[in-house]
Amino acid sequence: MPVTEEEVHALSSEYPGIRVLARETRQGALLMARWRALFATESPSGQPDVTAVSARVRGIVGGGSRIRQDYQLVMEVATLHRRLPEVWITAPDDGEIRHVNIWRPDTDAAWCPALGMRLPHLCWFTYTEAWADARYSHRTLGAALEYVKQLLNTENHDSPAR
């Protein structure tokens with residue numbers, strides 16, 4: 001199931017400011033239309049699928065501090081139902097981040113295609129196993145945002161990120 005505009009909008013009360021950042025390209029839409037025709041499925045909205053969203057999630061500063069702060073995120077959601085999404089941090093700046101579960105922007109996965117720049121990004125570490133074990137129908141945008149919230153409100157000091 002692709003992420004839809006309706007799914008993003010439905011999360012706006014829990015995640016104020018959540019918005020669509022990118023949709024599939026025209027070429028991608030044509031390929032998906034062919035795939036859906038072959039397998040007799042339809043896009044729920046008839047709209048291009050959402051490929052990236054922006055959201056704000058409250059977490060802890062980290063680095064031993066339990067002080068709360070907001071993290072502004074970009075999530076790549078095109079393959080959300082197969083694997084946990086890549087999540088990049090646009091705020092606070094990398095120099096201000098102390099949370100041990102956030103990679104610096106100098107790793108291979110630091111490139112954020114939706115914004116065309118390198119950014120700090122989440123280290124999912126053991127969360128990927130739980131996502132893989134979850135039923136397909138439970139791998140939703142809301143569930144992924146809940147994972148982000150859980151990750152940013154704890155620190156796994158075994159994380160290789162910082």
Query raised in the report: So what is the accessible area of region 118-162 per residue, in Å², with the probe set to 1.4 Å?
Result: 51 Å²
Query - For region 70-162, convex hull of alpha carbons as volume per residue, Å³ - result: 94 Å³
Report summary line: Of every Cα-Cα pair in the chain, the percentage lying beyond 21 Å is 47 percent
Query raised in the report: How would Asp94, Asp49 line up by accessible area, probe 1.4 Å, largest first?
Result: Asp94, Asp49
Query raised in the report: Taking only DSSP H segments of four or more residues, each worth -39500 (n - 2.57), what value at 222 nm results for the chain once the sum is divided by all its residues, to the nearest 500 deg cm²/dmol?
Result: -7000 deg cm²/dmol
Query raised in the report: Sequence-distant or interchain residues sharing an amide H contact under 5 Å with Val3, placed H: which?
Result: Val50
**Report entry** For Arg162, residues with placed amide H under 5 Å, excluding near neighbours
**Finding:** Ile102
Requested in this report: Read phi for every residue in region 102-118 and hand back ³J(HN,Hα) as whole Hz from Karplus 6.51 cos²θ - 1.76 cosθ + 1.60, θ = phi - 60°, with x for Gly and Pro.
Outcome: 10, 6, 6, x, 10, 9, 4, 7, 6, 6, 9, x, 5, 10, x, 7, 8
Report summary line: Here the Kirkwood hydrodynamic radius of region 74-113, Cα-based and in Å, equals 11.3 Å
Report summary line: Of every hundred units of 1.4 Å-probe accessible area on region 83-162, the number belonging to carbon and sulfur atoms, as a percent, is 52 percent
Report summary line: Rounded to the nearest 10 degrees, the helix 26-39 long axis (Cα) sits at an angle to the longest Cα principal axis of the chain of 60 degrees
Requested in this report: For Gln150 and Asp70, calculate 0.36 nm times their separation in residues minus their Cα-Cα distance, and state this gained length in nm to one decimal.
Outcome: 27.5 nm
Query raised in the report: Taking amide H positions as placed 1.01 Å from N in the peptide plane, with prolines and chain starts having none, which residues 5 or more places from Gln69, or on another chain, fall under 5 Å of its amide H?
Result: Gly59, Ile60, Val61
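The values are calculated or read from the model by the stated rules, or taken from the named source; none is laboratory data. If you're wondering where the values come from, they're calculated on a predicted model, not measured in any experiment. Side chains included, ligands, DNA and RNA excluded: accessible areas come from the protein's heavy atoms. Shrake-Rupley method; radii C 1.70, N 1.55, O 1.52, S 1.80 Å.
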